[in-house]
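None of the figures in this text is laboratory data; all of them are computed from the coordinates on show. Every value quoted in this text rests on a predicted model; they were computed, and no experiment measured them. Here Cβ is always computed from backbone atoms with ideal geometry, including for glycine, and neighbour counts include all displayed protein chains.
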Amino acid sequence: MIEKLLERGGDRVESADVCVIGSGGGGAVVAAEIASAGRSVVVLEQGHHWTRADFVQREDQMLPRLFEEAGMRQTVDGGVTVLQGRCVGGSTVHNLCYAFRAPEPIVDMWREEHGLDQLTPRSLEPSYRRVEANLRVKPIREDEVNSLNRLIRAGTEKLGYSGFVTHHNREGCVRAGYCILGCSYDAKQSMLVTYVPRADRAGARIYANARAERIEVEGQRVRRVLGSIVDHSGRSRGSIEVSAPVVVLAAGAVNSPDLLLRSGIANRSGQVGNNLHLHPSVMVVGIWDEPIHAYRGIPQSYYIDQFIDLARDPHSGTVLMPIAGFPVLTAVNLPGFGRRHFEHMRDFAKMGGLIVLLHDRSSGSVRNGSLGRPEIRYALEAGDRRQLAEGLVHGAEILFAAGARRVVVPTQPEPLVLERGDGLSAIPSEIGEGDAPITSTHPQSTCRMGGDPNTSVVNAFGESHEVAGLFITDMSVFPTSLAAPPQITTAALADRTAHHILARWLEFAV
Ligand SMILES: Cc1cc2nc3c(=O)[nH]c(=O)nc-3n(C[C@H](O)[C@H](O)[C@H](O)COP(=O)(O)OP(=O)(O)OC[C@H]3O[C@@H](n4cnc5c(N)ncnc54)[C@H](O)[C@@H]3O)c2cc1C
Ligand code: SF4
């Protein structure tokens, strides 16, 4: 049963074996796996239950429907925009379907440097397999690579750089290109059309418009979750209470630490909300002589990994990914005002970009702000600023090699416009907050896993070191930046936690 509590109104008191907070990349998997094993499950999801009929392919309507703070969530200094989902299915509803496993050197580093002896590629294999089967992960076919991705591939190969066509989780994709606004064709195999319906069929009670606001603990055991029924702007319209011996927190790497701090639990290490990594990214834009209609077809199918060598250094590097904007998002990311801005936007059909995504060493924090608006702080270290700038140089180089006539580096306050044949030395040698629009679509690591309860929040199975019956299964558990698209690893770790809970059920069910 998926119920939109906003339409019912009133107050709710429930009990279940397991209460899951959040229905996105981690929460939906746990709910489906545990409900399928016969346990009673309640899912609390703060966002609404939108479906394909609601995905109208317009930015003005879809950003407020699908994104936290209508897509305007930012760090407190405004330096980084943090995009996260706020709906049944979470960020998987508007993500771009790159489907990667965690790079092996990262898993090795997590095991060796974070005391996670049980986290081996072999132990993760069954979870990855289940997740990939349920999300129908497969290679992107050659005929599915769109014009922008083809051009970028040609430019990358011309320069002798390394890149490849990726795997994705789409089935019956009609290549409409609207993935970031939700898929009107149910082709994107997001949680909304995979694990959430599976949890529903298995009997889970899935409540939309239900925001968890406090987790209560008695005698170091989790007892219940208290929250509000909320409208689309987060205003309270009633209360909800769920008693459960097991609570699985999967509210994303910003809201999960916010909720733990609000509840005053699971933080003896002082690490809840620390170690925030963002995979900060900056876009560099190419303008071709003729329209390339980069916004048609699958937005991202190619991936450039020339500038990251995790076997050599698991702590740094950049990857580059093609990107095509919608009009509003493009306009927001192109600096300049008035006529200058208009001149850039006039070339919209001839435009295509590359995102430079940083595997960040830099870290920030999440602390309680007003309800629904946690305070996010983040500052790039000097080495990371230099890497982002180097990434922009490589991005510009690849765009020119791909045939772009002009490249726009969105420096602030004035964009840097380079013409074909110009050198690239005018690109600044460091890029930090305020120097260019920086976006994060992968906030992570704020409740990190680790073997040592003094330096981490959960163990290798997502179980709180401190509170019995409390688990975390979202991107907040990654010990460091993942250095790759995170949805499949988030889901695989959640699957692993679900099976751990089921295998040890008698310990928790008291
Ligand atoms: C624009 C964009 C593109 C992306 N593209 C890719 C990609 O191509 N490939 C890839 O691997 N990854 C991609 N990602 C990342 C991917 O979507 C995430 O890895 C994944 O969704 C993370 O799962 P999660 O459970 O941590 O968080 P989410 O999926 O964000 O789920 C968290 C859920 O918790 C809910 N919630 C929050 N607070 C509360 C509360 N207090 N009470 C109740 N519910 C609450 C939220 O509303 C949300 O539904 C992208 C992300 C974005 C934003
Ligand atoms: S490109 Fe495919 S997955 Fe993306 S919105 Fe269009 S049909 Fe859906």
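Given +1 on the Cβ of Lys and Arg, -1 on the Cβ of Asp and Glu, and no further charges, what dipole in debye does the chain carry about its Cα centre, rounded to the nearest 20?
Result for the chain is approximately 1060 debye, rounded to the nearest 20.
Which whole-number percent is the relative contact order of the stretch 419-500 (Cα, under 8 Å, 6+ apart)?
Reported as a whole number, the value is 25 percent.
Helix 252-263 versus the longest principal axis of the chain: what is the Cα-based angle in degrees, 0 to 90, to the nearest 10?
So the helix axis and the longest Cα principal axis differ by about 40 degrees.
Could you put R130, R201 in order, starting from the residue whose Cβ has the fewest other Cβ atoms within 10 Å?
R201, R130
Which whole-number percent is the relative contact order of the chain (Cα, under 8 Å, 6+ apart)?
Dividing the mean separation by the residue count of the chain yields 23 percent.
Calculate, in nm to one decimal, what Q74 and E343 gain on full extension: separation in residues at 0.36 nm each, minus their alpha carbon distance.
Stretched fully, the Q74-E343 segment lengthens by 94.1 nm.
Which order do R101, R448, R377, R8 fall in if you start with the one that has the fewest other Cβ atoms within 10 Å?
R8, R377, R101, R448
Nearest 10 degrees is fine. How inclined is helix 382-401 to the longest principal axis of the chain, computing both from alpha carbons?
50 degrees
Just grab the label-to-label distance for A382 and L226, each label 7 Å out from Cα along the Cβ direction, in nm (one decimal).
Going from the A382 label point to the L226 one covers 4.9 nm.
Please list the non-local residues whose amide H lies under 5 Å from the amide H of G85, H modeled 1.01 Å from N, same-chain partners needing a gap of 5 or more.
Correct list: E68, S91.
Around V217, which amide H atoms from residues at least 5 apart in sequence, or from another chain, sit under 5 Å from its own amide H, with H modelled in the peptide plane?
HN-HN under 5 Å from V217: R223.
Tell me which residues come under 5 Å, amide H to amide H, from I240 once H is placed; ignore anything under 5 positions away on its chain.
Here R12, G227, S228, I229 satisfy the definition.
Enumerate the calculated ³J(HN,Hα) couplings along the stretch 72-79 in order (Karplus 6.51 cos²θ - 1.76 cosθ + 1.60, θ = phi - 60°), each rounded to whole Hz, writing x wherever the residue is Gly or Pro.
Per-residue couplings from phi come out as 10, 4, 9, 5, 4, 8, x, x Hz.
Could you check the simple spin-label distance between R312 and D108, using points 7 Å along Cα→Cβ, in nm with one decimal?
1.5 nm
Given the chain, what percent of its DSSP beta bridges are antiparallel, to the nearest 5?
If I count the DSSP bridges inside the chain, around 65 percent turn out antiparallel.
Excluding residues on the same chain fewer than 8 positions from K138, give the lysines whose Cα lies under 17 Å from its Cα.
Leaving aside lysines fewer than 8 places away in the same chain, those within reach of K138 are K188.
Counting only other residues whose beta carbon sits under 12 Å from that of F100, what net charge do I get with K and R as +1, D and E as -1?
It works out to a net charge of -2.
Tabulate in residue order the Karplus-calculated ³J(HN,Hα) for the stretch 498-503, using 6.51 cos²θ - 1.76 cosθ + 1.60 with θ = phi - 60°, rounded to whole Hz; enter x for Gly and Pro.
4, 6, 5, 4, 5, 5
Please find the FRET efficiency linking R136 to S239, where r is the Cβ-Cβ separation and R0 is fixed at 56 Å, and quote it to the nearest 0.05.
Between R136 and S239 the formula returns 0.90.
Go ahead and run the numbers for FRET between S123 and R367, Cβ-Cβ distance against an R0 of 22 Å, rounding to 0.05.
0.05
Each residue of the stretch 31-37 in order: what ³J(HN,Hα) in whole Hz does its phi give by Karplus 6.51 cos²θ - 1.76 cosθ + 1.60, θ = phi - 60°, with x for Gly and Pro?
4, 5, 5, 6, 5, 5, 8
What is the sum of charges around R130, taking Lys and Arg as +1, Asp and Glu as -1, for the other residues whose C-beta is under 11 Å from the C-beta of R130?
-2
Expressed in nm to one decimal, what extension gain is obtained for the pair D422 and A53 from 0.36 nm per residue of sequence separation less their Cα-Cα distance?
The span from D422 to A53 would gain 128.1 nm if fully extended.
Give me the angle, in degrees from 0 to 90, between the Cα long axis of helix 104-113 and the longest principal axis of the Cα atoms of the chain, rounded to the nearest 10.
Roughly 50 degrees, rounded to the nearest 10.
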